[in-house]
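Take a look at the structure set out below.
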Amino acid sequence: MKKVNTKDIVEITWFSPKGKFAGAGKEISEELGRKPQSMDLNERHPFDVEICRIPPGQTPYPYHSHSAQWEFYHVISGKGVVRHQDGITPIEEGDAFLFKPGEPHVITNNGAQDLLVYVVADNPIGESCHYPDSDKWVVRSPERRLMRSEPLDYYDGEE
């Protein structure tokens, strides 16, 4: 058995260039030995667990949906809102919610204290993300590439 204490995990912070997006996280699964780039499921782990900290007034990521990944959220402390395909829902300590593949979502901390959330995601190989607000895609193969594209015919460039 491998054990870690989350208080000992170094928190990683991120900021977008213009400051619209910011957050921090403790990558629990990686501390337990997860190797995200591995194609070996014994190294990759079947799920990823993170503690995400969202400062007051911040949104950690743009509005997005996953092609294959499920995400479970549990609010540890704080308050915020979740934007999703049906609108906006307030969240607070104790709330738990789930997004299936194809369901766009984003969390914003609209409270006065940090919003702490456990995030548990399954870990599908070949996952991609769509960002509806900017019509952008992330494709992982296994490296990560961001792109936009125009619709093409299946045989375009093949004959």
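The values are calculated or read from the model by the stated rules, or taken from the named source; none is laboratory data. Fair warning: this is a prediction, and the values are worked out from it, not measured in the lab. So basically every Cβ, Gly included, is an ideal-geometry build from the backbone, and we count neighbours across all protein chains shown.
Tabulated values for the structure
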| quantity | calculated |
| --- | --- |
| Pairs with Cβ under 6 Å, 6+ apart, first in the range 33-55 and under 30 Å from ASN110 (Cβ atoms), second basic (Lys, Arg) | ILE51/LYS26 |
| Any hit, the range 3-15, residues being in contact with a Pro (Cβ under 9 Å, 6 or more places away or on another chain), over 15 Å from ASP114 (Cα atoms), part of a loop (DSSP other than H, G, I, E, B) and not small (Gly, Ala, Ser) | no |
| Cβ-Cβ under 8 Å pairs, at least 6 apart or on other chains, the range 2-22 side closer than 19 Å to PRO56 by Cβ and among the acidic types (Asp, Glu), far side at pLDDT 95 or above and surrounded by 11 or more Cβ atoms within 10 Å (Cβ to Cβ) | GLU11/ALA24; GLU11/GLY25; GLU11/LYS26; GLU11/ARG53 |
| Output for the range 21-78, where each listed residue is of a type in the set (S, T, N, Q) and either farther than 14 Å from ASP114 by Cα or out of contact with any Phe, Trp or Tyr (no Cβ under 9 Å at 6 or more places or on another chain) (or both) | SER29, GLN37, SER38, ASN42, SER65, SER67, GLN69, SER77 |
| Search result, residues across the range 38-70 that are among the hydroxyl-bearing types (Ser, Thr, Tyr) and surrounded by 15 or more Cβ atoms within 10 Å (Cβ to Cβ) | THR59, TYR61, TYR63, SER65, SER67 |
| Odd one out for ALA121 among (1) over 17 Å from the mean Cα position of the chain (by Cα); (2) surrounded by 12 or more Cβ atoms within 10 Å (Cβ to Cβ); (3) of a type in the set (A, V, I, L, M) | (1) |
| Test: residue in the range 72-80 that is surrounded by 14 or more Cβ atoms within 10 Å (Cβ to Cβ), of a type in the set (S, T, N, Q) and under 26 Å from VAL139 (Cβ atoms) | no |
